[in-house]
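**Student:** I have a structure I would like to understand better, so I am pasting it below and will then ask my questions one at a time.
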Amino acid sequence: MNTLAYIIYLLITYLITVRVGLLFFRNGRIFIMELVHQDVSLTDAINRILLVGYYLVNLGYAALMISTWDTILTWTDLLVSITVMTGKIVTTLAVMHYINMLVIYFIGKRNQSILHP
Amino acid sequence: MEKSVNFIAYLVYLPVVIFLTWYVAHTLFKNSKVFMLDIFQGKSEIAIATNKLFETGFYLINLGFAFWIMEIGYDVIGNRDMLEALSTKIGGFCINLGLMLFLNLYLFFRGRRKAREKTHALTLMPKTEM
């Protein structure tokens, strides 16, 4: 039954990763715009590179986690392991997201203090 | 030997936590728009983007945590056992949700205070330097 679990798990993580990635892609643009002083082409380039990096890290991590999976014998096991694994991935995603926001905040602060000492 | 009802417990737990998270996030971030507009001094584009980012982060961290702690480590047998296990899980998750809510509120109030201080300092600056 492990194969079924892997298929469902990969489907769920793929959907979450892509959806969240698009959300970040759309809403993070304005912050990068501010950091590079309204340079549109540079902003789009940085934004796209960040999106690809995000997809690679997340899907790679999700695929790696499969190697740590227990053997599944019952339907209850299936539900538990899929939910717990998804929970771990989503929590990691959240932590990375908050770290990103902090980094952007600090870079913005540094830029401001250089411009207006 | 009676059959364990872990599966039913999970099936009850999942919709409850998802609904709770959705409800709290919906209420919090509907009302936080005012704060965001205040913090960014009316620049609505960046305020809405920040609001959305915080909302996504809130959903991710709370749902991730809820899924992570779902597993009940022993065989639940009978209705009474199931209710006790469920109330422990859901109660713990509610407390976590409350803490997160207050953390977010603290961040909003702090941001507003900082923004106020900044504009205040600017208006108080002596004009002789210019």
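The values are calculated or read from the model by the stated rules, or taken from the named source; none is laboratory data. None of these values were measured; they are calculated from a predicted model. In this analysis, Cβ positions are derived from the backbone assuming ideal geometry, glycine residues included, and neighbour counts consider all displayed protein chains.
Residue by residue, here is whether (1) touching a residue at least 40 places away in the same chain (Cβ under 8 Å); (2) surrounded by fewer than 18 Cβ atoms within 10 Å (Cβ to Cβ); (3) more than 15 Å from the chain's Cα centre (by Cα) holds:
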position	(1), (2), (3)
B:VAL5	yes, no, yes
B:LEU11	no, yes, yes
B:LEU14	yes, yes, yes
B:TRP22	no, yes, no
B:ALA25	no, no, no
B:VAL34	no, yes, yes
B:ASP38	yes, yes, yes
B:GLY42	no, yes, yes
B:ILE48	no, yes, yes
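**Student:** Which residues, counting only those in segment A:74-96, are under 30 Å from A:VAL36 (Cβ atoms) and surrounded by fewer than 19 Cβ atoms within 10 Å (Cβ to Cβ)?
**Tutor:** Listed by number, the residues that qualify are A:THR92, A:VAL95, A:MET96.
**Student:** Further question: For A:TYR105, are the conditions met, namely being part of a helix (DSSP H, G or I) and at pLDDT 85 or above?
**Tutor:** no
Condition check ((1) under 21 Å from A:ILE104 (Cβ atoms); (2) assigned to a helix (DSSP H, G or I); (3) more than 9 Å from chain A (Cβ to nearest Cβ); (4) modelled with pLDDT of 90 or more) across all residues:
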residue	(1), (2), (3), (4)
B:LEU14	no, yes, no, yes
B:MET36	yes, yes, yes, no
B:ILE46	yes, yes, no, no
B:ASN62	no, yes, no, yes
B:TYR74	no, no, yes, no
B:GLY91	no, yes, yes, yes
B:ILE95	no, yes, yes, yes
B:LEU105	no, yes, yes, yes
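**Student:** Which one of these does B:GLY111 not meet: (1) closer than 25 Å to A:SER113 by Cα; (2) of a type outside the set (A, V, I, L, M, F, W, C); (3) without any contact (Cβ under 8 Å) to a residue 40 or more places away in the chain?
**Tutor:** Going through the list (1) closer than 25 Å to A:SER113 by Cα; (2) of a type outside the set (A, V, I, L, M, F, W, C); (3) without any contact (Cβ under 8 Å) to a residue 40 or more places away in the chain, B:GLY111 breaks only (3).
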